Amino acid sequence: MQKLRDIVTERSNRLGRPFYANVTTFGCQMNAKDSEKLLGILEEAGFTPSEKEASDFVIYNTCTVRDNANQRVYGRLGYLNSLKQKNPDMIIALCGCMMQEPSVVEKIKKSYRFVDLIFGTHNIFKLAELLYRQMTERHMIVDIWDGTDEIVEKLPAERKYSFKSGVNIMYGCNNFCSYCIVPYVRGRERSRSPEDIVDEVKNLVKDGVVEVMLLGQNVNSYGKTLNPPMSFAELLKRVADVEGLERIRFMTSHPKDLSDELIRVMRDCPKVCRHLHLPLQSGSSRILSQMNRVYGKEQYLALAEKIKTEIPDISLTTDIIVGFPGETEDDFQETLDVVRKVRYDSAFTFLYSKRTGTPAAAMENQVPEEIMKDRFDRLLKEVQRISAEVSGKDVGKVMPALVEGLDDHNPGMVTGRLSNNIMVHFPGEASDIGRIIPVKLEESRGFYYMGTRLP
Ligand code: 5AD
Ligand code: SF4
């Protein structure tokens, strides 16, 4: 780190200006969290963070969950190359999930030779060392690890928000859903110790954070490999005990092992937000079995019903994939049926994307694109119709909102997030950011509310 600092200081002195670094994130909350760590390391090394990709050092933290994420990175690399032609000293790095795929790294080595540094998901903590090597040796450095048992604690992080933060509770995934590349690029499940997690949360609270999002590919299997083992529900209770912390969210839950204990803790603990993201993926038991999801349609419906009965004000959201290999119109109708029965507050819908190396990629009966798109459009319409109906249900109520920022479109207004994850716009000013304020929900605008503030 010190050696890197020296070079950065020397460069910055020579240029007579700060040495800028940009971290651009693709993909999920896990990547966003990793990017905060990358930026934390870069700041410690003397870089000045910049929003602009026209910086001295640019790093793309990539995603490969669906092919369009990969295509976006390749597209943007062309743009980076044009920037580098204007500033030959510019350093370009790639990291994240895409880099864990050997075919991607081969392609970059062959066709994108202007890239200076490539590393993966398991060794982001080595950024300073790798960058120092690149800046002294001045050739393409590639360092990808196949996997790791290690969890590196206490990395610096440059948080995007002062009042809320993601907290990793586990890394990797052992579920091997047959369509999904995540277990191959993020490795096996590893849980952090509850002590490390609680310590991090305490430090965040000291630093002004009031809301944390506990992050894992499948938080419900948290702690199974710890010695002694600990359930996710138990961890939630421990985090909720942290004084000064106001709100807890978590992402993502797998329906196969969502316990009654967790439902009870959510119900009884006011700090746990009234929102549960419960990916369905498909409503057809036949397809769910092909997907290796380990639950069927009826089981999912029963679980959703139980959650709604225990926690009536919960907001349920989901992920759905359309066009998994072998999906018929009847299977698709089952998905629509679940959507109509559960009545999600919102749903992320995806076209199935074939990921090389996953079992589903080798399945016969890949669904033709036109059929897939037609189903996708019909699903989206249904999801949006229901979500517009559901999201007006709290008009007239008073609810606490955490103010996240100024409302860009309306001067004199701020944007807040309700416990159930829905946004509300109401009168306020910059000094409200980070505060939790009671708001009367006056009007629903489909996906958000307009409100007035209470004293
Ligand atoms: N094709 C389409 N969607 C996918 N997802 C994961 N893998 C694929 C794929 N191969 C979706 C799932 C998951 C979300 C993060 O991305 O719905 O829940
Ligand atoms: Fe992928 Fe399934 Fe793991 Fe989620 S639970 S990351 S969909 S393999």
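The values are calculated or read from the model by the stated rules, or taken from the named source; none is laboratory data. The shown structure was predicted, so the numbers you read here are calculated from the model rather than taken from an experiment. We place every Cβ from the backbone using ideal geometry, glycine too, and count neighbours over all the protein chains shown. Keep in mind that these areas ignore ligands, DNA and RNA; they rest on the heavy atoms of the full protein, side chains included. Shrake-Rupley method; radii C 1.70, N 1.55, O 1.52, S 1.80 Å.
Some points to look at:
- Total residues in the range 321-341, condition free of Cβ contacts under 8 Å to residues at least 60 places away in the same chain and buried (at least 18 other Cβ atoms within 10 Å of the Cβ): 10
- Those residues of the range 354-365 which are buried (at least 20 other Cβ atoms within 10 Å of the Cβ) and either away from ligand 2 (no atom under 16 Å from the Cβ) or of a type in the set (Gly, Ala, Ser) (or both), in sequence order: ALA360
- Just one residue in the set GLU106, GLU101, GLU150 is crowded, with 17+ Cβ neighbours inside 10 Å and either out of contact with any Phe, Trp or Tyr (no Cβ under 7 Å at 6 or more places or on another chain) or aliphatic (A, V, I, L, M) (or both); that residue is GLU101.
- If only residues of the range 393-423 that are assigned to a strand (DSSP E or B) and under 21 Å from THR318 (Cα atoms) are counted, the one that is least open to solvent (accessible area, probe 1.4 Å) is LEU418.
- Residue that is surrounded by the fewest Cβ atoms within 10 Å (Cβ to Cβ), among those in the range 109-128 that are among the hydroxyl-bearing types (Ser, Thr, Tyr) and touching a helix residue (DSSP H, G or I) at 6+ places or on another chain (Cβ under 8 Å): TYR112
- Top-ranked residue of the range 166-189 - restricted to ones that are in a loop (DSSP other than H, G, I, E, B), open to solvent by less than 20 Å² (accessible area, probe 1.4 Å) and within 7 Å of ligand 2 (Cβ to nearest atom), ranked as farthest from PRO279 (Cα to Cα): CYS173
- Residue count for the range 337-366 satisfying the condition of being under 15 Å from ASP67 (Cβ atoms) and not in a strand (DSSP E or B): 10.
- Of all residues in the range 268-282, those being under 14 Å from THR309 (Cα atoms) and either exposed (fewer than 15 other Cβ atoms within 10 Å of the Cβ) or touching a Gly at 6+ places or on another chain (Cβ under 9 Å) (or both) number 1.
- All positions within the range 47-64 that are surrounded by fewer than 21 Cβ atoms within 10 Å (Cβ to Cβ) and more than 13 Å from LYS160 (Cβ to Cβ): THR48, SER50, LYS52, GLU53, ALA54
- Wholly within the range 38-139, helices (runs of 4 or more DSSP H) carrying at least 3 residues that are under 29 Å from LEU351 (Cα atoms) and of a type in the set (D, E, K, R): 67-86
- When restricted to residues that are surrounded by 21 or more Cβ atoms within 10 Å (Cβ to Cβ) and part of a loop (DSSP other than H, G, I, E, B), the range 193-203 contains 0.
- The listed residues are ARG445, ARG385, ARG378, and the only one of them that is exposed (fewer than 13 other Cβ atoms within 10 Å of the Cβ) and out of contact with any strand residue (DSSP E or B) (no Cβ under 6 Å at 6 or more places or on another chain) turns out to be ARG385.
- Residues being acidic (Asp, Glu) and within 16 Å of ligand 1 (Cβ to nearest atom) - total across the range 228-266: 1
- Of all positions in the range 179-188, at least one carries a residue that is within 16 Å of ligand 1 (Cβ to nearest atom) and over 18 Å from the mean Cα position of the chain (by Cα).
- PHE163 falls short on exactly one of the conditions (1) over 22 Å from GLY40 (Cα atoms); (2) more than 17 Å from the chain's Cα centre (by Cα); (3) not polar (S, T, N, Q), and that condition is (1).
- Qualifying positions in the range 94-113 - of a type in the set (D, E, K, R) and closer than 15 Å to GLN134 by Cβ: LYS109, ARG113
- Residue check, SER162 in contact with a strand residue (DSSP E or B) (Cβ under 7 Å, 6 or more places away or on another chain), among the small types (Gly, Ala, Ser) and away from ligand 1 (no atom under 16 Å from the Cβ): no
- Of the residues in the range 204-225, at least one is under 28 Å from ARG293 (Cβ atoms), surrounded by fewer than 20 Cβ atoms within 10 Å (Cβ to Cβ) and basic (Lys, Arg).
- Across the range 65-98, the number of residues qualifying as within 16 Å of ligand 2 (Cβ to nearest atom) and either more than 22 Å from GLY147 (Cβ to Cβ) or open to solvent by 60 Å² or more (accessible area, probe 1.4 Å) (or both) comes to 2.
- In the range 424-455, residue farthest from ALA401 (Cα to Cα) [restricted to those that are modelled with pLDDT of 95 or more and part of a loop (DSSP other than H, G, I, E, B)]: GLU429
- Whichever residue in the range 27-46 is open to solvent by less than 10 Å² (accessible area, probe 1.4 Å) and closer than 15 Å to ARG11 by Cα and, among such residues, is farthest from the chain's Cα centre (by Cα): ALA45
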